[in-house]
1. With Rg and the Kirkwood Rh both taken from Cα atoms, where does Rg over Rh land for the stretch 199-245?
2. Say each of residue 587 and residue 220 gets a label point 7 Å from the Cα, pointing the same way as Cα to Cβ; how far apart are those two points in nm?
3. Based on alpha-carbon centroids, what's the gap between the stretch 508-546 and the stretch 278-355 in Å, whole number please?
4. Using 1/(1 + (r/R0)^6) with R0 = 51 angstrom and r between the beta carbons of residue 599 and residue 578, what's the FRET efficiency to the nearest 0.05?
5. Can you tell me the relative contact order of the stretch 158-253? Whole percent, Cα pairs under 8 Å, sequence separation 6 or more.
6. Go ahead and collect, in residue order, the members of the stretch 300-322 whose backbone nitrogen is under 17 Å from a label point 7 Å along the Cα-Cβ direction of residue 289.
7. Give me the Å³ per residue figure for the convex hull around the C-alpha atoms of the stretch 180-225.
8. Considering Cα pairs under 8 angstrom that are at least six residues apart, work out the relative contact order of the stretch 598-686 and quote it in whole percent.
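Values quoted throughout were computed directly from the atomic coordinates according to the rules given, and no laboratory measurement underlies them. Please read all numbers here as calculations on a predicted model, not as lab measurements. Here the Cβ positions follow ideal geometry from the backbone for every residue, glycine too, while neighbour counts run over all protein chains shown.
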């Protein structure tokens, strides 16, 4: 590992100021993140708690000496939910959070009593949109008695925080596009900010600010250029377009902003992290050369106007589904005796970046995981020193990380107390190749394994000043939860195995463990009610983990365990009801009398991919049980008529299952044969005899 800096030290700077003095400051729009929401650390009013997005709580009632007494205070079952990825908000004794289908819940933060629930009815409003992404939502925003949520079908909705009644709704996307919203909005001043997904389908990315009172659009910034006539007169788009070639506006661009927004109150700027390309292969979307701005970039914008200020591109000419959509955290650090205003990110590509947020200039970048696509980042140019053939222009290539990344969207935490960033890291490679027949132009052939840590994860404590690890906690599973750091000297993280864990923030020593009875992907929060500190977390493993299929440990069968909100406090005495344990066995269903038609099954495999069934049910029908069941174990998929009724009828649209009314009888036969072939192969391999009922 190369180190370019010495004698660095952390000052609390903005990290502390954000929970102290600067938390009370008025922004340039004349509004504030109210002092009452942040002054004593008792509330958690935004996704990362405050504008710094550090996922750090200044509360310390729960600390190294008291964590042994931490117990369950209350739990709330959330019927009908599956994949829970949201970070709750805590506002003056009420928790607000979103479920998988953009539903908003309000819950008494001290007792767990549900106060109200708002359902935007995504399955009814735009059921076709369910085909583009698995049902999931990562959280809500709050301002001036309003709660905001982005819906899967592209709406931004404001509801009354006291009653849950809708106040306004605006469509943020074109109805004919394949854009969706899964990320949490952010608020600052009189503005609520939202982006969208859809980069995998070639959709052009953008981020938009709306008025919190009326829903009126205030500004929009595109993160990729459009048609030449659309770019004309826009300096940022004219600059970006020079880095593209061909008719990219027809082929597709990508670069959507689906997760990372950070507001900087000191500079009155917004930093947005952009996503991957679409198509993936740059030779297809933009023949020749060119960096393809603003893919995989951090872009600084004027918060009041959306005007471009600067950008830093992490991966020029992206080709691997890499993205800069991990949370962006801001702090003040002392670097060689000079205080610097910085932002930090640990994106999918495996380098930890420290960037001057005033200028956009790279300060340092080092590998925090296994990285083979580049040797290093050149600090003079800010560009990666890349390995040969990484864009698979001369044949298939295997690189680390794969598209899942060394770190994905799960929240990283930064503690100004220890000066460390805590990363939910993971390791797996990917084998890529060009594919002229693919709409993406290039494809991931397979995940890559080349050592005992591939397919596994770790909680990594990283020193952003010295750019080196301080400690690690190996985790047997790869797709684990977001992180919370506290002034009590603790770090909390949920794991895929169903445990919520508390660690010593300085050493990584395990201090506490709770069996939540289901895998965890969301991040915890901490808040105060009536002088008592609580830690809350949503328990509902799923979402992107299903795409990992056979290398994700899984074991959580579809619908077997309830999804819950769990809340802990010192001397908590509540108990969770017994639920079905983790089951790593596969129990495929088969009808031995059914003759498999191989050609039909092969056509069905193509349909399975083209209809995006893979998103919820996994690669080659190998699922982790959420958001959709493993079809090899599904009784519905064992019976052709039942499968046809489900696909064409759309009676599970409210649960996230799309309607496919256009499927012909032959296409349904082909899908049925593909599922049955995969189930039989698994059935034979497992050596089991399961024939619970016949199919036809």
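1. 1.07
2. Once both label points are built, they end up 5.0 nm from each other.
3. 29 Å
4. It comes to 0.60.
5. Rounded, it is 19 percent for the stretch 158-253.
6. Correct set: 316-318.
7. It is 73 Å³ per residue.
8. Rounded, it is 38 percent for the stretch 598-686.
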